[in-house]
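Down below is the structure, laid out as structure tokens.
The values are calculated or read from the model by the stated rules, or taken from the named source; none is laboratory data. Note that this is a predicted model, so its numbers are computed, not measured. Virtual Cβ from ideal backbone geometry, glycine too; neighbours counted across all protein chains shown. Accessible surface is based on the protein model in full, side chains and every heavy atom, while ligands, DNA and RNA are left aside. Shrake-Rupley method; radii C 1.70, N 1.55, O 1.52, S 1.80 Å.
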Amino acid sequence: MKTIYLIRHAKSSIDEVGVSDFERCLSKRGKKDLPFMANRLKEFGIKPDLILSSPAKRAKKTAKEIATVIGYEEKNISFEDSLYDSSYTKYRYLLDSLDDDLNSIFIVAHNPTLTDVGEKLSGAILTNIPTCSIVAIEFAVSSFKDIKEESGKILFFDYPKKHNISH
């Protein structure tokens, strides 16, 4: 079995004048949602074999905080350029390159690609993976290379607004 946790970065600031998309920081809401969702992973004992993250500032911050909360070594996070301004094809190349010894991975990245990948891998209609959401998809395969479109089973789809966190 292989499990992929698609994690959208926490909410970012969009009103920072002169700041590029790549350098956008987390917003007040993002800074509030992130520890809550990281603690949800910790409560359920979810710890991946590998965390892959976009190198964009907001994704990096999200990946690092989650790693800290769940007890994953921050230095082992792999920042992948292909996860920023990405595509389903780039995700497939990344998944196909993973070692078969890995059973579960976190991918911390961006929409609209994250939602597209989640829908293609699971066959589910997700419509939109909101900021700081986690979609866990399980595959009955022994290698990430063997994952076929629409072959994944969604284990859960969790997001901050589901828990009525006051913003």
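Restricting Thr127, Thr131, Thr62 to residues that are in a helix (DSSP H, G or I) and polar (S, T, N, Q) narrows the list to Thr62. Within the option set Pro130, Pro112, being within 21 Å of Leu34 (Cα to Cα), loosely packed, with under 14 Cβ neighbours inside 10 Å and not aromatic (Phe, Trp, Tyr) holds for one residue only, Pro112.
Report whether or not Lys145 is open to solvent by 60 Å² or more (accessible area, probe 1.4 Å), over 20 Å from Ile46 (Cβ atoms) and not in a loop (DSSP other than H, G, I, E, B). So Lys145 passes the test. Is it the case, given these coordinates, that Leu26 is open to solvent by less than 10 Å² (accessible area, probe 1.4 Å), without any contact (Cβ under 8 Å) to a residue 60 or more places away in the chain, more than 19 Å from Lys162 (Cα to Cα) and within 16 Å of the chain's Cα centre (by Cα)? Spelling it out, it is not the case that Leu26 is open to solvent by less than 10 Å² (accessible area, probe 1.4 Å), without any contact (Cβ under 8 Å) to a residue 60 or more places away in the chain, more than 19 Å from Lys162 (Cα to Cα) and within 16 Å of the chain's Cα centre (by Cα).
Scanning the range 70-79 turns up at least one residue that is under 22 Å from Tyr159 (Cβ atoms), touching a residue at least 12 places away in the same chain (Cβ under 8 Å), assigned to a helix (DSSP H, G or I) and not acidic (Asp, Glu).
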